[in-house]
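Report on one structure; see the data block that follows.
The values are calculated or read from the model by the stated rules, or taken from the named source; none is laboratory data. Treat the numbers as computed from the prediction; the structure is a model and nothing was measured. Neighbour counts run over all protein chains shown; Cβ positions are idealised from the backbone, glycine included. Ligands, DNA and RNA are stripped out before the accessible areas are found, and what is left, the full protein with its side chains, is counted by its heavy atoms. Shrake-Rupley method; radii C 1.70, N 1.55, O 1.52, S 1.80 Å.
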Amino acid sequence: MTVNFSIRPAQPQDVAHIHAMIVELAVFEKLEHMVVATEALLHEGLFGAHPSCEAIVGEENGEVLTFALFFHNFSTFLTKKGLYLEDLYVKQAHRGKGYGTQMLQRLAQLAVERGCGRFEWSVLDWNEPAIQFYKAMGADVMPDWRICRVTGDSLLSLAKNS
């Protein structure tokens, strides 16, 4: 059988597939305890009245096997928008086929088409295979930068102190 891989913008009917892969990704990253995502919330984020993100999916012979969820941010230094990749996932059984590379290439194309000054994402420091993969794709892993995050009760507390 000939393998036919294609990438396209996510559609509402893809939400269940994307949600399932988000759960798989969380298990892989040992972060499943943090997942509160539901299909309804994901649908709202992608396709609601005011979408906050976008996604592309990769299909092999019509089966969704990979997704990338992204949104625009802004660089004050460049004074241009950027494309930020929140998550990219390829189902375990389909890794090593070049699908992750093709997804990153498509996102880079979108960034160029949209006039973005940069394309960036985060990677867990223990995920050495991903780090090496990204470096091979031309990415600089920024050693001096750390992500700061405020969520839940801490976010509510910070908001009250303003």
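Data overview
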{"read-out": "For region 5-159: accessible area per residue (Å², 1.4 Å)", "value": "62"}
{"read-out": "Restricting region 59-94 to chymotrypsin sites (Phe, Trp or Tyr not before Pro) in coil, as DSSP defines it, with at most 13 other Cβ within 10 Å", "value": "Phe77"}
{"read-out": "Neighbourhood net charge (15 Å Cβ-Cβ; Lys/Arg +1, Asp/Glu -1) for Lys135", "value": "-4"}
{"read-out": "Summed side-chain charge close to Phe5 - residues other than Phe5 whose Cβ falls under 9 Å, Lys, Arg +1, Asp, Glu -1", "value": "-1"}
{"read-out": "Relative contact order [Cα under 8 Å, 6+ residues apart], region 17-111, whole percent", "value": "20"}
{"read-out": "Estimated inter-spin distance, Gln109 and Val150, nm [label 7 Å along Cα→Cβ]", "value": "4.0"}
{"read-out": "Fraction of accessible area attributable to carbon and sulfur, the chain (%, probe 1.4 Å)", "value": "57"}
{"read-out": "Of Ser52, Ser122, Ser75, the one that fluctuates the most in a GNM where the chain has Cα springs shorter than 10 Å", "value": "Ser75"}
{"read-out": "Percentage relative contact order, the chain, counting C-alpha pairs under 8 Å, at least six apart", "value": "17"}
{"read-out": "Rough spin-label spacing in nm, given labels placed 7 Å along Cα→Cβ, for Ala93 and Glu60", "value": "0.9"}
{"read-out": "Cross-link partners of Lys91 among aspartates and glutamates (Cα-Cα below 20 Å; sequence separation of 8 or more within a chain)", "value": "Asp14, Glu24, Glu29, Glu32, Glu39, Glu54, Glu59, Glu60, Glu63, Glu128"}
{"read-out": "Projected label distance in nm at Glu128 and Phe74, using a 7 Å step from Cα toward the beta-carbon", "value": "4.1"}
{"read-out": "Choice from His50, His72, His94 with maximal GNM fluctuation in the chain (Cα, 10 Å cutoff)", "value": "His50"}
